[in-house]
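Right, one structure below, let's go through it.
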Amino acid sequence: MPPIDKRLFTDAMRLAATAVSVITTDGEGGRVGATVSSFCTATADPPQMLACLYTAGTTPAVLRRNGVFCINLLERGQQHVADSFAGRIARWKDDRFACDKWTHLATGSPVLEKTLIALDCRLTHEMTLSTHTVFVGEVIALATAGGMPLLYADQNYQRLAEPGVVNLEDFQL
C-alpha cells in the first residue's frame, strides 16, 4: 500500500480539536516552556501523562536535563499564554513567562496561577519519533480550577459552547 501523502495527512489532522497546553520545566538545565496540543493520559495507575514536543526546539533538551515538567492545560481565556509560548508575541519573546503569573507545585516547574489543570510530573520515559520526542511523566502533584478549556482546531483557537445552550439553526428537521 502506498504511503499517505503528508499534506493530506496534516490537512486532515488539523481538523481534530485538541486542548491547548503549555509544557514548562525549571531546574539545572534552565526555565523554558512550549505550547503543545499533543498530550494525553498515559495511565491512571500510576497516574502518568504523555506529551509530544518538537525535538529541534529548546524545550526537549532542557526538560530532559531537569527531569521534571508541568502540563498547564489552558483555560479558554488564556490564548495570550499559548501565543507567548508559541513565540507569536514579540514583547514576550525574550521572557515568555512574563505573559502571566506563575507559581509551582512539587517539582519546581512553573505552574500558571489560573490554569485549568496543572499536572506536575517527574520524567519517567522518552522516545523520539521522527520530528518529535514523546515524554512520559508520573504525576506527583496536580491542581485544578473551574472553567472551560482553550481548544485548537483548523488553525484557530476554539471554545466549547456554553453548557445547555443549543442553537436551533444548527439542526435540520
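Couple of notes before you dig in:
- Residue count for segment 104-133 satisfying the condition of being within 16 Å of residue 40 (Cβ to Cβ) and surrounded by fewer than 17 Cβ atoms within 10 Å (Cβ to Cβ): 5.
- Inter-residue pairs, beta-carbon under 9 Å, first closer than 17 Å to residue 110 by Cα and in segment 34-54, second in a loop (DSSP other than H, G, I, E, B) and of a type in the set (A, V, I, L, M, F, W, C), 6+ apart: 34/86; 35/20; 35/74; 35/86; 36/20
- Those strands (runs of 3 or more DSSP E) of segment 63-173 in which 3 or more residues are touching a Ser or Thr at 6+ places or on another chain (Cβ under 9 Å) and either touching a residue at least 60 places away in the same chain (Cβ under 8 Å) or among the acidic types (Asp, Glu) (or both) occupy 68-73, 110-112, 117-129, 132-144, 150-153.
- Within segment 2-57, the set of residues being in contact with an Asp or Glu (Cβ under 6 Å, 6 or more places away or on another chain) and not in a loop (DSSP other than H, G, I, E, B) comprises just one member, 48.
- Flag for residue 138 being at pLDDT 95 or above, surrounded by fewer than 18 Cβ atoms within 10 Å (Cβ to Cβ) and touching a Phe, Trp or Tyr at 6+ places or on another chain (Cβ under 7 Å): no
The values are calculated or read from the model by the stated rules, or taken from the named source; none is laboratory data. Computed from a prediction, not measured in an experiment: that's the story for all the values here. Glycine gets a Cβ as well: all are built from the backbone with ideal geometry, and neighbour counts include every protein chain shown.
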